[in-house]
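Read through the structure below, which is laid out as C-alpha cells, and then see the notes.
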Amino acid sequence: MRIAIIGDLHYPSELINHTKINEEARDAYYKRFMDSFLSIQADYHISLGDLTHAGEVDEFNQVLSGIEGYNVHFLHVLGNHDTYTHPKEAILRITKQQRYGVIEHPDALILLLDTARECRDNWGGMIDEEQLAWLELQMNRKADKPLLVFGHHPLYNTTARSTETMMSLDPDVEIWPILERWAGIGFYFNGHNHIHSIIRKEQWHFIQTAAVPDVPAVRMVTVDPNEVKLDTVSFANEEWSEWASGFNGNMFDYEKYPNAEGDSSAERLVVSGALAKKGQVEHK
C-alpha cells in the first residue's frame, strides 16, 4: 500500500495585495503542486487539514475542482482553518468526506480523526466524547497490521512546537491513554504546526508535515509485510520559491515558518515489520 500525504495547503482565494502578478504566482504554485501531488501513484491521497485558508466555499470548490480530473482516492481531515467560516456539517457536504472514520485495508488499519473546533479564536485541537468513545473501540481491534491515524493537530508534547499555546490537541483531552492501548505498532500523522517533525513514543511514531506554502513537499508512506517506510518528496526549486514569494506574504494572518523543513531526522522513517513488535526503528 502506498499513501501520499500533504500538510496544510492553506489555499487562499483572497490576497492582501491582490495584484495580477501575485494572483498568477498563487495560481501557478498551487496548480503545479496539486498536479505533482495527484500524479503520484498511490492507493490514497490524504490532506492533513487546512485545505483552505479562510474556510470559504469558493476555496474548497477551487481545490476540489482541480482534484476531479484525477482518478485518485482523496481523503481530507478537517483543520481549524477549514472551519473558520462555516459549520462542519456544511463543509462536509462540499467535500463529501466523513468527519471521522475507519478504513480497513489489507495492509493497514487507517483511522481519520476530526480534531478541529468551530471557533476562530481558538485554533487548538479538540476531540469530542463521541469520537473518543469510538476511538477507544478501535483500539480493541486485532493488532496484526500497522495502525495509521490521521488528524490535523498533534498530541500535546509530541512533535515540534506541540507544547506551544494552541499548537496541539487540548492537553486535557485523554487521547494518549487510549492510543497507548494499541497492542501493535502505530503511526500518527498531523499538520498544523508548519514544520516537519518525527518523534517516537513507545510503540507510536508521530509524524508532522510542514505547510505547503512554506515547503512544497509530499510525504510518501509505503506499507508492506516487511516494513513501514516514510520518505519525503520535495518539489522545491528556484521557480517554486519565486512563485511562493509572490503570495506567501500576502495571506492574512499567515507567516512563513523559519526552518520548516526541520532537521534530517524529520525526512525519513523506516520501521521493519519483523522488528515492529519489539519496537525497533531505524531513522535514515
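Where a number appears in this text, it was derived from the coordinates with a stated rule and is not lab data. Keep in mind it's a predicted model, so treat the numbers as computed, not measured. Counting neighbours? That spans all protein chains shown, and the Cβs are built from the backbone with ideal geometry, glycine included.
Is there any pair with a first residue in region 40-56 that is in a strand (DSSP E or B) and a second that is of a type in the set (Asp, Glu) whose Cβ atoms are under 7 Å apart and which are 6 or more apart or on different chains, and what are they?
Sorted first by the residue in region 40-56, then by its partner, the pairs are Thr52/Glu59; Thr52/Asp82.
For Asp172, work out the one condition from (1) assigned to a loop (DSSP other than H, G, I, E, B); (2) out of contact with any strand residue (DSSP E or B) (no Cβ under 7 Å at 6 or more places or on another chain); (3) surrounded by 15 or more Cβ atoms within 10 Å (Cβ to Cβ) it doesn't fulfil.
(3)
Could you check, for region 11-21, whether at least one of its residues is assigned to a helix (DSSP H, G or I), in contact (Cβ under 8 Å) with a residue 12 or more places away in the chain and either surrounded by 22 or more Cβ atoms within 10 Å (Cβ to Cβ) or touching a strand residue (DSSP E or B) at 6+ places or on another chain (Cβ under 7 Å) (or both)?
Checking region 11-21: not a single residue is assigned to a helix (DSSP H, G or I), in contact (Cβ under 8 Å) with a residue 12 or more places away in the chain and either surrounded by 22 or more Cβ atoms within 10 Å (Cβ to Cβ) or touching a strand residue (DSSP E or B) at 6+ places or on another chain (Cβ under 7 Å) (or both).
For region 57-91, which residues satisfy the criterion of being closer than 30 Å to Ala143 by Cβ and not in a loop (DSSP other than H, G, I, E, B)?
Phe74, Leu75, His76 - these are the residues of region 57-91 that are closer than 30 Å to Ala143 by Cβ and not in a loop (DSSP other than H, G, I, E, B).
Working only within region 80-128, note down all residues that are under 21 Å from Met167 (Cα atoms) and touching a Gly at 6+ places or on another chain (Cβ under 7 Å).
Selection gives His81, Asp82, Thr83, Tyr84, Thr85, Leu112, Leu113, Thr115, Ala116.
Which one is surrounded by the fewest Cβ atoms within 10 Å (Cβ to Cβ), of the residues in region 81-111 that are within 28 Å of Gly186 (Cα to Cα) and basic (Lys, Arg)?
In this case the residue turns out to be Lys96.
List, please: which pairs have Cβ atoms under 6 Å, are six or more places apart or on different chains, and start with a residue in region 62-73 that is touching a residue at least 24 places away in the same chain (Cβ under 8 Å) and end with one that is hydroxyl-bearing (Ser, Thr, Tyr)?
Going by the 6 Å Cβ cut-off, the qualifying pairs are Val63/Tyr11; His73/Tyr44.
Can you pull out the residues in region 104-122 that are within 20 Å of Phe206 (Cα to Cα) and not in a strand (DSSP E or B)?
Passing the criteria: Asp107, Ala108, Leu113, Asp114, Thr115, Ala116.
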